[in-house]
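This is the structure I have questions about; it appears just below.
A short reminder: the numbers here are calculations on the coordinates, not readings from a lab. For clarity, every value in this text was computed on a predicted model and none was experimentally measured. Ideal geometry is used to build each Cβ from the backbone, glycine not excepted, and the neighbour counts take in all protein chains shown.
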Amino acid sequence: METLTHTVLWIIGGMIFIIFSAFGLVSIHEGEYRAARVAFGAAILGALSILLCTLLPVSGQMILLSGMILAGILVMILFLLPIGRNQESPQIPGNRVDERDIQFARARLEPGTVNYNNYYSLRPENKAIDDQIRARPGLLSPRAKYANPLLFAAPDASFFLTGALREAVDGPVSTSRQALPPEKMTHYLKDLAKYYGALDAGVTELKPYHLYTHIGRGTGEYGAPITLDHSWAIAFTVEMDHAMIGANPTTPGIMESAKEYVESARIAVQLAAAIRNLGYPARAHIDGNYRVIAPLLARDAGLGEIGRMGLLITPKYGPRVRLGVVTTSLELVPDIYKPDPSIIDFCTICKKCAVNCPSRSIPFDDRQENGGALRWQVNAETCFHYWNVIGTDCGVCMTVCPYSHPNSPAHHVIRWGIDRSGFFRRFANFMDDVFYGKKPAPRTAPKWTQVS
Ligand code: SF4
Ligand code: SF4
């Protein structure tokens, strides 16, 4: 009997050591040195304490093993308990958004111009805060807090290319039309988006609330009502590099977000052109030239759920994505949008983005009704004000989000549990703080970006 209990304890001690050490090595690879230290500590302490138990008399070892079995059963029961399993209904906004009201459109208004005067006579309540933001150094400004003229040249180059692509969102439609059954065509176009470089793609029927009411940026006349004679939309994601966003809010983060704006714009422009070559009208929606609200549309296309920080949280990459959209009149088969109560439940307990937001722009309380839908309302004005002080697009909320960890097997197992169990969500939330910290320090930027 003694040999048997010893063997079982040795196996358990060995497994603890291997699992935590493996997680430690993964964490080093991810640049998460605090998580690596905690994991190696847990590997050594856990394995040692189990091995010390082999010095106990056999009766003590039997009691210990029985306790472990009972604890295992208890954990399984807790895993299956219906904690936090809210019945989530689709949150459909009852009103549409005017693109002129979004922060990026307001930032482009130049004092003294017709558009400036017209906008602030329409929305006088926004003038004081916007003028205050305009007085700050600005994005990529050499006077900004994190100004780095050498590195700032890189995102500036990416924004230049996105700007050039804005004129290519639409174009002539081929007179020769190619036809496929809608289901086949949908599969083909989603695969084409992935072939062009998208991570994931989904389709939704275009609804009025997906569209802005009036043009605030991009091609077309400022302030013109938006009409789009399309019925379908393809939304897709591109991944943002985990290492580059780790040092947010400093410059590598905006280098990466600007690069992925280009990537999503390139794919959208290419995909829209391919659909037009098939003989159907199609328009790309890219940074600075949208007619649609991309996160809402991507959610309805089944790509994820809108989280506390107001961004789309995707199942495998969390908010660490950029979005692209193509709308078309080519008939497609929509994906079914099923609200994801596990993300809503996790965001309700987590609040890590709110705790770490330097401008306190993310709410701590539960979702509130806004325009007919329950949502967390981020304060875009204070967030954008902060960007214009530091010169980058911050992104701390994205970096600290537990869903942003790389899509490696280790994190995949945790996501599997988060998706299925309310108890596991609470446990994972607690463990994320233990391993990464409640207020994680920025990770070291990739070495090649450490030039000045
Ligand atoms: S940090 Fe937490 S609360 Fe914020 S979006 Fe991510 S999961 Fe939700
Ligand atoms: S980008 Fe930065 S300032 Fe804006 S909400 Fe996220 S953490 Fe806050």
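Mean residue ellipticity at 222 nm from the helices of the chain, using -39,500 (n - 2.57) per DSSP H segment of n ≥ 4 over the full residue count, to the nearest 500 deg cm²/dmol?
On the way: 17 runs with 221 residues, N = 452.
Result for the chain: -15500 deg cm²/dmol, rounded to the nearest 500.
Further question: Share of Cα-Cα pairs in the chain beyond 41 Å, in percent? Could you put the intermediate results ahead of the total?
Values: 25583 of 101926 pairs.
The proportion of pairs with Cα distances above 41 Å equals 25 percent.
Compute all pairwise cysteine Cβ distances in the chain, then list the cysteines with no distance under 4.7 Å to another cysteine.
When partners are defined as cysteine Cβ atoms under 4.7 Å apart, the chain leaves Cys53, Cys347, Cys350, Cys357, Cys383, Cys394, Cys401 without one.
Given an 8 Å cut-off on Cα distances and at least 6 residues of separation, report the relative contact order of segment 2-80 as a percent. Intermediate values should be presented prior to the final figure.
Working: 53 pairs, mean separation 27.3, N = 79.
Worked out over segment 2-80, it gives 35 percent.
Just list whichever of Lys338/Lys438; Lys127/Lys259; Lys127/Lys439; Lys145/Lys316; Lys145/Lys194; Lys316/Lys351 have alpha carbons separated by over 28 Å in the model shown.
Working: Lys338/Lys438 31 Å; Lys127/Lys259 31 Å; Lys127/Lys439 34 Å; Lys145/Lys316 33 Å; Lys145/Lys194 38 Å; Lys316/Lys351 19 Å.
Going by Cα-Cα distance, Lys338/Lys438; Lys127/Lys259; Lys127/Lys439; Lys145/Lys316; Lys145/Lys194 fall outside the 28 Å limit.
For segment 1-127, what mean projected area does the convex hull of the alpha carbons give, in nm²? Write out the running numbers ahead of the final one.
Working: hull surface 60.7 nm².
Orientation-averaged projected area of the Cα hull: 15.2 nm².
Tabulate in residue order the Karplus-calculated ³J(HN,Hα) for segment 16-22, using 6.51 cos²θ - 1.76 cosθ + 1.60 with θ = phi - 60°, rounded to whole Hz; enter x for Gly and Pro.
Listing the rounded values in order: 4, 4, 5, 5, 5, 5, 4 Hz.
Further question on the same structure: Using only Cα atoms, find the angle between the long axis of helix 341-350 and the longest principal axis of the chain, and express it within 0 to 90 degrees, rounded to the nearest 10.
With both axes taken from Cα atoms, the answer is about 80 degrees.
Sort largest first and round to whole Å: the equivalent ellipsoid semi-axes of segment 24-86, each the square root of five times a Cα gyration tensor eigenvalue. Walk me through the numbers before you get to the answer.
Values: eigenvalues 155, 122, 7 Å².
In descending order, the three semi-axes are 28, 25, 6 Å.
Which shape class, rounded, prolate or oblate, goes with segment 317-452 when its Cα gyration tensor gives a ≥ b ≥ c as root eigenvalues, a/c under 1.5 marks rounded, and past that a/b bigger than b/c marks prolate? Let's see the in-between values first.
Numbers: a/c = 1.32, a/b = 1.13, b/c = 1.17.
Because its axes are fairly even, with a/c under 1.5, segment 317-452 counts as rounded.
Working only with C-alpha atoms, what are the Rg and Dmax values of segment 267-397, expressed in angstrom?
Reported Rg and Dmax, both Å: 16.7, 50.
How far apart, in nm, are two points set 7 Å out from the Cα along the Cα-to-Cβ line at His6 and at Lys351?
Here the answer is 5.1 nm between the modelled labels.
Let me ask something else. Sorted from fewest to most neighbouring beta carbons within 10 Å, what does the list Lys447, Lys194, Lys316, Lys259 look like? Intermediate values should be presented prior to the final figure.
Numbers: Lys447 8, Lys194 14, Lys316 17, Lys259 21.
Least to most surrounded, the residues fall as Lys447, Lys194, Lys316, Lys259.
Can you pull the percent of Cα pairs in segment 72-215 with separation above 19 Å?
Details: 7976 of 10296 pairs.
That fraction is 77 percent.
Within a 10 angstrom radius of the beta carbon, how do Glu183, Glu256 rank from fewest other beta carbons to most? Walk me through the numbers before you get to the answer.
Values: Glu183 10, Glu256 29.
Ordered by Cβ neighbours within 10 Å, fewest first: Glu183, Glu256.
Determine the sum of side-chain charges near Gly437: Lys and Arg each +1, Asp and Glu each -1, restricted to other residues whose C-beta is under 15 angstrom from that of Gly437.
On the way: positive: Arg34, Arg37, Lys351, Lys352, Lys438, Lys439, Arg443; negative: Glu30, Glu32, Asp432, Asp433.
With Lys, Arg at +1 and Asp, Glu at -1, the neighbours total +3.
Test of understanding: ordering His412, His285 by Cβ neighbours within 10 Å, fewest first, what list do you get? Let's see the in-between values first.
Values: His412 12, His285 26.
Ranking His412, His285 by Cβ neighbours within 10 Å, fewest first, gives His412, His285.
Enumerate the amide H contacts of Asn370 below 5 Å, restricted to partners 5 or more residues apart or on another chain; note that Pro and chain-start residues carry no placed amide H.
Arg375
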